[in-house]
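Engineer: I am attaching a structure below and will ask some questions about it afterwards.
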Number of protein chains: 2
Amino acid sequence: MSLLVVGSVAFDALESPYGKVERTIGGAATYFAVSASFFTHVNLVAIVGDDFSKADARIFHGRAINIDGLERAAGKSFFWAGKYSQNLNERVTLLTELNVFADFKPKLPDHYRKSKYVFLANIAPELQRDVLQQVKGAPKLVAMDTMNYWISGSNAELRETLKHVDILMINDTETRELSSEHNLLRAAKHIFKMGPSALVIKRGEYGAMLVDKHGVFCVPAFPLEEPHDPTGAGDCFAGGFMGYLANAGSQSDAALRRAMVYGSVLGSFAVEEFGLDRLRRLKKAEIHARARHFLKLTQFAL
Amino acid sequence: MSLLVVGSVAFDALESPYGKVERTIGGAATYFAVSASFFTHVNLVAIVGDDFSKADARIFHGRAINIDGLERAAGKSFFWAGKYSQNLNERVTLLTELNVFADFKPKLPDHYRKSKYVFLANIAPELQRDVLQQVKGAPKLVAMDTMNYWISGSNAELRETLKHVDILMINDTETRELSSEHNLLRAAKHIFKMGPSALVIKRGEYGAMLVDKHGVFCVPAFPLEEPHDPTGAGDCFAGGFMGYLANAGSQSDAALRRAMVYGSVLGSFAVEEFGLDRLRRLKKAEIHARARHFLKLTQFAL
């Protein structure tokens, strides 16, 4: 089933101990869409400037990604520059230029409005809600991401959006900030009162945790000897997770667990190389092979 | 099969946001022995002062713990005082008094010398080696713990001891310090060159990771809403891990995975209450029930 994503399509400048790129395509919606398109058809809503060339758009070509909702505006595309520490576990934002994104008013093409699966990537909560209101009929599943900037700066707006969301996918710091609870189980209970019925906590090198009515499910991060660039790992996780669910058409406990694994698989590939380099040449067979590797990483019998 | 442990038996003063105890029995060897005794017979080697009463020794009674190797010396027992932060994720050592432990020369009773499983808890590496040399014949499995104090202060001694050890069980910070490698897979490869063929990395609230010739196995920490006191969790993990293996008599990949789970189970019970309070009244049925809960926490099918 079709999966709608709204978020940023951007240019990134990235620096890590493994190298440096001056300008590569990034943005949460880009990472999400490319990742999810390995599983299902994706409808992308975003905005780019006139610096976004036909060559740049090739990242979406030959994939199950519809870009009718990719608006082109006069001006420059969203630009982000960041630098990672020696061990990749800290990052400094060097520059954030919203550019055309500053006046973004997402508009869903008619054929997007029946999307049954919706992912609201990390943008202003009022924009997230606006997109949701343009979807016709009740979507089967709405998930969203957010960040500390909105948690502290637009808390009331964020709370309003959360009322309409099934799954919140954030990291552990954000979980603690949103709930004012350090303990993640207690934090989840707080967040369930805000609307979502499930919480996916992304924990970077420690993996991810799903808390919902079925209980808790944990999946480790795939151990890599040389991760190169963590940019977009969380969005690729979300893409694998939602892509799997949209394709499966099920939200059973078993399906959600598999979605967590496929999310982890896509996140693990994303960090192997700079930007979208690894995902550009990723094959479905590699995804399934790594999912089986996750079995080896976690399974035991009593 | 019999499992030998050498380490500290101590008194602890503990303070966490959940309460305070002025004097409770602690020490790595105590936590380890009580934990392991749910699975196998334990031979304990340690030293206490004349302040260690018959009532104190009751912690070992009615369990499969032999204390013929618990030496009594004139003076006071090892004493440690620590205080945990609001979220239990940081701790400050307020006081460490070695007391009788300062002149500890471990002596194995004759009937201990045939122990096939050996755990060298966190003490000076030369004492660990001394104990190992008193074991007759080749033990089936030798595991050890250590800490940053020995890694930085007695590195040569520690390296010498490591040559005779099969499994090193330390936390992630210690892993990085010992190997001078941030990445845990690369760190493991470094450590394998020092002697051990397996590394168990304890990651606190993130669980534990086994790296050996079979690859990597990860187990999460059991999610608890209200952990009270992390003291001894790592030693209880080690006790469950080694106790399970000694009882199983196998070091197959499947057995090692189960050992990781039973280690996590014992560690999770340990933190539920102060000191050894939870383990004192723990039942085997509870251990097995929680092990099954770990299945629910981690298992998925593709």
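Laboratory data are not the source of any read-out in this text; all were calculated from the coordinates shown. Values in this document were obtained by computation on a predicted structure and should not be read as measured data. All Cβ positions, even for glycine, are placed from backbone atoms using ideal geometry, and neighbour counts span all protein chains on display.
Engineer: Note down, for chain B, the three equivalent ellipsoid semi-axes (square root of 5 times each alpha carbon gyration tensor eigenvalue), biggest first, whole angstrom.
Structural biologist: The equivalent ellipsoid of chain B has semi-axes of 26, 23, 20 Å.
Engineer: A further question on this structure: Grab every C-alpha pair in the protein assembly as shown, bin the distances at 20 angstrom width from 0 up to the longest one, and report whole percents.
Structural biologist: With 20 Å bins starting at 0, P(r) equals 20, 47, 26, 7, 0.
Engineer: Here is a further query. Expressed as a whole percent, how much of the Cα-Cα distance distribution for region A:1-89 exceeds 14 Å? Numbers along the way, then the final one.
Structural biologist: On the way: 2551 of 3916 pairs.
That fraction is 65 percent.
Engineer: I would also like to ask the following. Just to be sure I understand: if I project the alpha-carbon convex hull of region B:83-135 onto a plane and average over all orientations, what area do I get in nm²?
Structural biologist: 5.5
Engineer: Right, here's the next one. When Cβ neighbours within 10 Å are restricted to other protein chains, what is their mean count per residue of peptide A:214-224?
Structural biologist: What the average comes to for A:214-224 is 5.
Engineer: Please label the shape of region B:252-302 as rounded, prolate or oblate, based on the square roots a ≥ b ≥ c of the eigenvalues of the alpha-carbon gyration tensor (a/c under 1.5 means rounded; beyond that, a/b larger than b/c means prolate, else oblate). Write out the running numbers ahead of the final one.
Structural biologist: Details: a/c = 2.43, a/b = 1.91, b/c = 1.27.
Verdict is prolate for region B:252-302.
Engineer: Please rank B:H41, B:H111, fewest neighbouring Cβ atoms within 10 Å first, as an exposure proxy. Walk me through the numbers before you get to the answer.
Structural biologist: Numbers: B:H41 18, B:H111 12.
Fewest-to-most ranking of B:H41, B:H111: B:H111, B:H41.
Engineer: Return the inverse of the average 1/r over all pairs of distinct C-alpha atoms in region B:223-290, which is the Kirkwood hydrodynamic radius, in Å to one decimal.
Structural biologist: Working: mean 1/r = 0.0829 Å⁻¹.
12.1 Å is the Kirkwood radius here.
Engineer: Can you report the principal axis dimensions of region B:139-224 using only the alpha carbons, biggest first, rounded to whole angstrom?
Structural biologist: Cα extents, longest axis first: 38, 28, 23 Å.
Engineer: I'd like to verify something in chain B: which complete DSSP H helices, judged by Cα projection on the helix axis, reach 18 Å or more and average at least -1.0 on the Kyte-Doolittle scale?
Structural biologist: Answer set is B:233-248, B:253-270, B:284-298.
Engineer: Counting just the Cα atoms, what span does region B:113-263 cover along each of its three principal axes? Round to the nearest Å and put the largest first.
Structural biologist: Between the extreme Cα coordinates on each principal axis of region B:113-263 lie 44, 34, 31 Å.
Engineer: Quick check: net charge around A:I67, other residues with Cβ under 14 Å of its Cβ, Lys/Arg +1 and Asp/Glu -1?
Structural biologist: Every neighbour counted, the sum reads +2.
Engineer: Could I ask something else about it? When each pair of different Cα atoms in region B:42-111 is counted once in the 1/r mean, what is the Kirkwood radius in angstroms, to one decimal? Numbers along the way, then the final one.
Structural biologist: Values: mean 1/r = 0.0718 Å⁻¹.
Averaging 1/r across every pair of different Cα atoms and inverting gives 13.9 Å.
Engineer: If you don't mind, another one. Would you kindly calculate the translational diffusion coefficient of region A:1-48, applying Stokes-Einstein with the Kirkwood radius from alpha carbon pairs, for 37 °C and a viscosity of 0.692 mPa s, and quote it in µm² s⁻¹ without decimals?
Structural biologist: 281
Engineer: Right, something else. Compute the Rg/Rh shape ratio of region B:200-245: radius of gyration over Kirkwood radius, all on alpha-carbon atoms.
Structural biologist: In region B:200-245, Rg relative to Rh is 0.99.
Engineer: For every other residue with a beta carbon closer than 13 angstrom to the beta carbon of B:R23, add +1 if it is Lys or Arg and -1 if Asp or Glu, then tell me the sum. Could the numbers behind the result be given before it?
Structural biologist: Values: positive: B:K20, B:K76; negative: B:D12, B:E15, B:E22, B:D51, B:D56, B:E97.
Combined, the nearby Lys, Arg, Asp and Glu give -4.
Engineer: Given just the C-alpha atoms of region A:188-302, how large is their convex hull per residue in cubic angstrom?
Structural biologist: 120
Engineer: Per residue of B:225-237, count partner chain C-beta atoms within 10 Å of its C-beta, then hand back the mean as an integer.
Structural biologist: Partner-chain Cβ atoms within 10 Å, mean over residues of B:225-237: 1.
Engineer: I would also like to ask the following. Averaging the inverse of every distinct alpha carbon separation and then flipping it gives the Kirkwood radius. What is it for region B:170-217, in angstrom units?
Structural biologist: 10.5
Engineer: Return, for the Cα atoms of region A:54-167, the radius of gyration and Dmax in Å, separated by a comma.
Structural biologist: That works out to 16.2, 48 Å for Rg and Dmax.
Engineer: While we're here: Just to confirm my numbers, what's the Cα centroid distance between region B:176-199 and region B:245-302 in Å?
Structural biologist: If you average the Cα positions of each part, the centres end up 25 Å apart.
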